[in-house]
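The next block holds one structure in the form of structure tokens; read it before the comments.
The values are calculated or read from the model by the stated rules, or taken from the named source; none is laboratory data. This one's a predicted model, so the numbers in the text were calculated from it and none came from an experiment. Positions of Cβ are generated from backbone atoms using ideal geometry, with glycine treated the same way; all protein chains shown enter the neighbour counts. Accessible surface is based on the protein model in full, side chains and every heavy atom, while ligands, DNA and RNA are left aside. Shrake-Rupley method; radii C 1.70, N 1.55, O 1.52, S 1.80 Å.
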Amino acid sequence: MTRETVRLTMAQALVRYLTNQFTEIDGERVPLFAGLFGIFGHGNVTCLSEALEQVQDRLPTWRGQNEQSMALAAVGFAKAKRRRQIMIAATSIGPGAANMVTAAGTAMANRLPVLLLAGDTFANRLPDPVLQQVEHFGDPTVTVNDAFKPVVRYWDRITLPEQIITSLPQAIATMLDPATCGPAFIGLAQDTQEKAFDYPEVFFDPKVWHIPRPRPDRQAVEAAAEILRNASKPLIIAGGGVRYSLAEEAVAEFAAKRGIPVVETIAGKGGLTHDHPVHAGPIGIVGSTSANALAAEADVILAIGTRLQDFTTGSWTAFSKDAQFVSINAARFDAVKHRAHAVIGDALETVGDLDNALGNWTAPADLMPKAKALFAKWNETLDEHQQPTNTPVPSYAQVIGVLNKCARPEDTLIGAAGGTPGEITKNWKVKNPNTFDCEFGFSCMGYEIAAGWGCAMAQEGPGGAGGTPIVMLGDGTYMMMNSDIYSAALTGHKMIVVVCDNGGYAVINRLQQFKGVPGFNNLLTDCRVQNRENPLHVDFAKHAEAMGAKARHCESLADLEAAMEWAQGNDGPTVLSIVSDAWKWVPGDADWDVGVPEVSNFGTVREAREAQDEIRRKQRVGV
């Protein structure tokens, strides 16, 4: 190793380092950082943009329309690439940086890697208070960027140019480690970006990063095998970690060999195709009757790559209080939840070790046929709800049935918030593995269209599904964040956006009334509007056309099917809208613990409180 140096500004050195980081996907060497979403302001345009402009052939910069949405596009990209390649989101200081906090929370909750770079105040403090600086009277070191600390895995502020030599490798290692994977944030002081430093040339040597696969403790594996050998009704819950470990086939083969049904979490849905022989449906609050029935009877639950969110566990009412959990997870924090026997390790490696430890054991022979029968009954329920009719206002299930029919096997369905997650998790029948993205870790309204743009980018090159993102969302979510329709039109990325207009925040209206509160401030007809009987509605097709998309409003299910066929032949973004029913839902059979007033003037609320108390009496107590 020589001691030769190269003199660069901190911003130039940061960019040079990032462009020399690589990884391998499906045996092909690719840049670790596939690109950068950026909105420039005074906090980054003079120095960071100067460095980025010179490397556009190696690190393409994509202009965002909104800081939150462009960072959400980076989240969608990372999910589509199954955490094997990373996008960067870069903003100026103050409000631009603060706009990314929600996206950081989305990446954090979903354990997805995104590198967030934001300008910061002056390290020397001489011009303070600078434009867009928030001053804390008792602590001058605090800036808006401190708001990222609760929602990232790695946080740093660069106040000296040489600090990136140690900070950047730590940020990357954190994002790529399955146990700590999540967003990394680095604040770049404005006056530090400009400073030159003699950086060691070896700092910029090309490096190929590999995602580690930690092996589990042998004793923990043997104990897990013993627990399974004593099970009479075992069940596998496959979470998102199965997909990120690329362990889908291994888990499916293990389940088939051992005769154990597999149910999927929302993040895990899509690891198996809908018709896979071991698949028994999605589990939990927005899950299937088949999966929930199996969960209720299971005596041993093998949870693989899941953090066991309340929507998976029915707020911990979905299982017997005596059931034993065996949790395989790369993260110790997740593996030890709820008195589980923890097997800490990579899903792919650990499932292989567990299979070897089990010898010739298989589950009772009647378990898998029972699961198949329950799943067949669930499929009959889906068919009943998706059956097309001549109704002028179709249900979500009917709309999903049409989209599912028209989707090619390689197309990816994307949803996140409102009524969509429950309905697509129940209704969507996955045709190819890893073509389903329901962001329900943070359930971020506004993720959908942005993620569609990021997912479209991820289809390019190795690791992508190769199809078209189909984004499904409600009118409320569309109104919150839709500017990346324009982004996709500008860049030429293809996606199909389907807007179900049910007149407001319909699923929250459903929850509000289900818990006894008279509906208000959710549906447009229950809000303070000028005309409640006929409130103003947005023409989503015209709005989308104004942003450069091809668009149609669909009057019926038949019209929607024809429009989907048309959309598949278009380039760039296509937006389809259809009025949908705010009151028809595929029913669920799992409980959810939410706050309900202990005292109320509404008799309906008091009744709901009694029902909520009953739910809480059924909960497993975790430690």
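For the pair residue 376/residue 4, report the inter-label distance in nm, with labels modelled 7 Å from Cα in the Cβ direction.
Taking the two extended label points, one gets 7.2 nm.
Between residue 139 and residue 202, what is the FRET efficiency for a Förster distance of 45 Å, r being their Cβ-Cβ separation, to the nearest 0.05?
Here the calculated transfer efficiency is 0.75.
If you plug each phi of the stretch 602-614 into the Karplus form 6.51 cos²θ - 1.76 cosθ + 1.60 with θ = phi - 60°, what whole-Hz ³J(HN,Hα) values come out, in order, with x for Gly and Pro?
So the Karplus estimates, Gly and Pro as x, are 8, x, 5, 5, 4, 5, 5, 5, 4, 5, 5, 4, 5 Hz.
Determine the percent antiparallel among the DSSP beta bridges restricted to the chain, to the nearest 5.
15 percent
At 1.4 Å probe size, what's the solvent-accessible area of residue 279? Round to the nearest 10 Å².
Residue 279 exposes around 10 Å² with every protein chain in place.
Probe 1.4 Å, all protein chains in place: accessible area of residue 82 in Å², nearest 10?
40 Å²
Pop out the ³J(HN,Hα) list for the stretch 420-436 in order, Karplus 6.51 cos²θ - 1.76 cosθ + 1.60 with θ = phi - 60°, rounded to Hz; leave Gly and Pro as x.
For the stretch 420-436, the Karplus-derived couplings read 4, x, x, 6, 6, 4, 6, 8, 6, 9, 5, 9, 10, x, 6, 10, 9 Hz, x marking Gly and Pro.
For the stretch 380-492, what % of the accessible area comes from carbon and sulfur atoms, probe 1.4 Å?
51 percent
List the residues whose amide H sits under 5 Å from the amide H of residue 436, counting only those 5 or more places along or on another chain, with H placed 1.01 Å from N in the peptide plane.
Answer set, sorted by chain and number: 413.
Return the whole-Å distance between the Cα centroid of the stretch 273-333 and the Cα centroid of the stretch 218-232.
Distance between centres, Cα-based: 18 Å.
In Å², and per residue, what accessible area does the chain have when probed at 1.4 Å with the other protein chains present? Provide the component values of the computation, followed by the final result.
Values: 24810 Å² over 623 residues.
Value returned for the chain: 40 Å² of accessible area per residue.
Residue 616 versus residue 297, label points 7 Å from Cα toward the beta carbon: distance in nm?
My value for the distance between the label points is 3.2 nm.
For every helix of n ≥ 4 consecutive DSSP H residues, a contribution of -39,500 (n - 2.57) applies; sum these over the chain, divide by its total residues, and give [θ] at 222 nm rounded to the nearest 500 deg cm²/dmol.
Value at 222 nm, helices only, nearest 500: -10500 deg cm²/dmol.
Please turn the phi angles of the stretch 564-574 into ³J(HN,Hα) values with the Karplus equation 6.51 cos²θ - 1.76 cosθ + 1.60 (θ = phi - 60°), one per residue in order, whole Hz, x for glycine and proline.
5, 4, 5, 5, 4, x, 8, 9, x, x, 10
Given axes a ≥ b ≥ c from the Cα gyration tensor, I'd like to know whether the chain is rounded (a/c under 1.5), prolate (a/b larger than b/c) or oblate.
oblate
How much solvent-accessible surface does residue 486 expose, in Å² to the nearest 10, with a 1.4 Å probe and all protein chains in place?
Taking all protein chains as shown, residue 486 has close to 90 Å².
What percent antiparallel are the DSSP beta bridges of the stretch 481-615, to the nearest 5?
DSSP beta bridges in the stretch 481-615 are roughly 10 percent antiparallel.
Order 410, 565, 423, most accessible first, counting only protein heavy atoms with a 1.4 angstrom probe.
Per-residue accessible area, sorted high to low, gives 565, 410, 423.
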